[in-house]
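Quick notes on the structure that follows.
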Amino acid sequence: MTQPYSEEQPDRAEVDAASGPMVLEFGNDWCGHCRAAQPHIAEAFAGHAGIAHLKLADARDKRLGRSFGVKLWPTLVFLRDGREIDRVVRPRSAAEVADALAVIAGPASE
């Protein structure tokens, strides 16, 4: 989880059309809350290497974060097939993130 938050972002239509599990992590490299959460996020993702994880730099002028109603950093949005299934804001443990990962990694409910 040492990769920086990316300034490049997909547009909302691309996210909505994605298939399978995906996590959007909104934050910024200079954010203390984001830096503090990285060990928890890394620990949770260790068992879920197959899940797409996009670390996205967020700001007022970033439309994707606004479209998801992001207000605090880091915010992790857990998606399956382009639909939000869960969200974790400012995780304080790996378990919070792992629980949400397990939901999107499991079989889709009809």
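Values in this text are rule-based calculations from the coordinates and carry no lab data. Here the structure is a predicted model, which is why all the values come from computation and not from measurement. For neighbour counting, all protein chains shown are included, and Cβ atoms are generated from backbone atoms with ideal geometry for every residue, glycine included.
A few comments on the model shown:
- Debye, to nearest 20: dipole size of region 12-105, +1 on Lys, Arg Cβ, -1 on Asp, Glu Cβ: 340 debye
- Fully extended contour minus Cα-Cα distance, from Glu43 to Arg92, at 0.36 nm per residue: 16.4 nm
- The Rg/Rh ratio of the chain, with both radii computed over alpha carbons and Rh defined as the Kirkwood radius, is 0.93.
- GNM result for the chain, Cα springs below 10 Å: residue of Gly82, Gly47, Gly27 fluctuating most strongly: Gly47
- GNM result for the chain, Cα springs below 10 Å: residue of Glu43, Glu96, Glu14 fluctuating most strongly: Glu14
- Rough spin-label spacing in nm, given labels placed 7 Å along Cα→Cβ, for Gln3 and Ala36: 2.5 nm
- Applying the criteria of a DSSP loop state and at most 12 other Cβ atoms within 10 Å to the chymotrypsin sites (Phe, Trp or Tyr not before Pro) of region 3-102 yields Trp30.
- Within a Gaussian network of the chain (alpha carbon springs, distance under 10 Å), most fluctuating of Pro39, Pro21, Pro91: Pro39
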